[in-house]
Amino acid sequence: MTKKVILTGDRPTGKLHIGHYIGSLQTRVAMQNSGNYDPYIMIADMQALTDNARDPEKIRRSLLQVALDYLAVGIDPEKSTILVQSQIPALNELTMHYLNLVSVSRLNRNPTVKAEIQQKNFNQSIPAGFLIYPVSQAADITAFKADTVPVGDDQEPMLEQTREIVRSFNSIYKKDVLVEPEGVFPPKGEGRLPGMDGNAKMSKSLGNAIYLADSPDEIQKKVMSMYTDPNHIHIEDPGKIEGNIVFTYLDVFDPDQKKVAELKEQYQAGGLGDVKIKRYLNDVLQAVLEPIRKRREAYAEDPAGVYEILRQGSEKANLVANQTLKEVRAAIGINYFD
Ligand code: TRP
């Protein structure tokens, strides 16, 4: 059986958190271990630079952190190719060819990019590289002829744009060179872990995240400060489950769902205090995160070894991407010296 090809990745702008773990890392590890896929996992440093050009040190630092997070959760370099976007020159030329197939107004319509422009306060000076990053993402995906792209819901517009580029390219140049990818999205309602403060999104910039690298003390401090039911003042009062983040997290992380159901009943009836459920959640989270942190610490002792994993992954990725670029050049007819 030929394996399906996965391409996915993350921007290295900081450490990854348990929201990333639930939203995508866990799925990637399961897909990797199923043996049905040939996974390429990309650290998208070029994309991260499109809105961080003046702070390259942040990207450089985060590259190692993201690599450690990947290895910590069980992405296995024997089974998955971990690569660094900036080390794959063919991606830049593919991007240039695809840019000719995309209109400026189409770029301006991408809803995820539009939302990011709002949020990042670019005002009048949106970096051109930022506006076109969906096209460079199409290069990332097509360079590996990936058919499967496991990502968060916010990446759907990138897949849509990639498919449009693939169709244009194959129809204009009359060759079936590029492959149309399918997105694999988290099941409805399970994709997004709320922040500790009750905000719908866990994110570094909102300061409401629990990181895979957090120490036991940091985890405990964060759990004890978590948003619950603001009207649950006395232990005897009946408490609310809806929007109560402690229970949202227990739903996601506690393997003992029977116990969670019992706790919910007790909490709603009254007589179960916030400190008690937080202590319980703390135990659950510590158990999930301890093996991840231990593996992370072991890899962190040997940064040179981690860079070597990335170098080898990038080397292998270059072979594949260069082959695709060769086919793209031949399809366009700019392979003059072949
Ligand atoms: N845009 C993705 C994010 O912000 C990262 C990314 C870059 C990516 N290239 C990709 C994801 C290719 C999937 C496929 O998380």
Number of the exception - ALA72 against (1) within 14 Å of the ligand (Cβ to nearest atom); (2) within 20 Å of LEU289 (Cα to Cα): (1)
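Only one of TYR299, TYR307 is surrounded by fewer than 18 Cβ atoms within 10 Å (Cβ to Cβ), more than 30 Å from PHE169 (Cα to Cα) and hydroxyl-bearing (Ser, Thr, Tyr); which? Give the steps one after another, and end with the answer.
Numbers: TYR299 fails: surrounded by fewer than 18 Cβ atoms within 10 Å (Cβ to Cβ).
So the residue among TYR299, TYR307 that is surrounded by fewer than 18 Cβ atoms within 10 Å (Cβ to Cβ), more than 30 Å from PHE169 (Cα to Cα) and hydroxyl-bearing (Ser, Thr, Tyr) is TYR307.
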Residue in segment 158-189 that is surrounded by the fewest Cβ atoms within 10 Å (Cβ to Cβ), counting only those that are closer than 20 Å to ARG106 by Cβ and of a type in the set (A, V, I, L, M): ILE172
Selection within segment 173-223 - under 15 Å from the mean Cα position of the chain (by Cα) and either farther than 25 Å from GLU242 by Cβ or at pLDDT 95 or above (or both): GLY183, VAL184, LYS204, ALA209, TYR211, LEU212
Pairs, first at negative phi in segment 296-309, second surrounded by 12 or more Cβ atoms within 10 Å (Cβ to Cβ) and of a type in the set (Gly, Ala, Ser), C-beta under 7 Å, six or more apart: ARG296/ALA72; ARG296/ALA213; TYR299/ALA72; VAL306/ALA67
Residue count, segment 113-157 (criterion: open to solvent by less than 20 Å² (accessible area, probe 1.4 Å) and hydroxyl-bearing (Ser, Thr, Tyr)): 3
Segment 1-54 - residue that is touching a strand residue (DSSP E or B) at 6+ places or on another chain (Cβ under 8 Å) and among the small types (Gly, Ala, Ser) and, of those, surrounded by the fewest Cβ atoms within 10 Å (Cβ to Cβ): SER24
Residue within segment 171-180 that is in a helix (DSSP H, G or I), more than 12 Å from the ligand (Cβ to nearest atom) and out of contact with any Pro (no Cβ under 9 Å at 6 or more places or on another chain) present: yes
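The values are calculated or read from the model by the stated rules, or taken from the named source; none is laboratory data. Remember, it's a predicted structure, so these values are computed and weren't measured experimentally. All Cβ positions, glycine included, derive from the backbone under ideal geometry; neighbour counts span all protein chains shown. We work out accessible area using only protein heavy atoms, side chains counted, and drop any ligands, DNA or RNA first. Shrake-Rupley method; radii C 1.70, N 1.55, O 1.52, S 1.80 Å.
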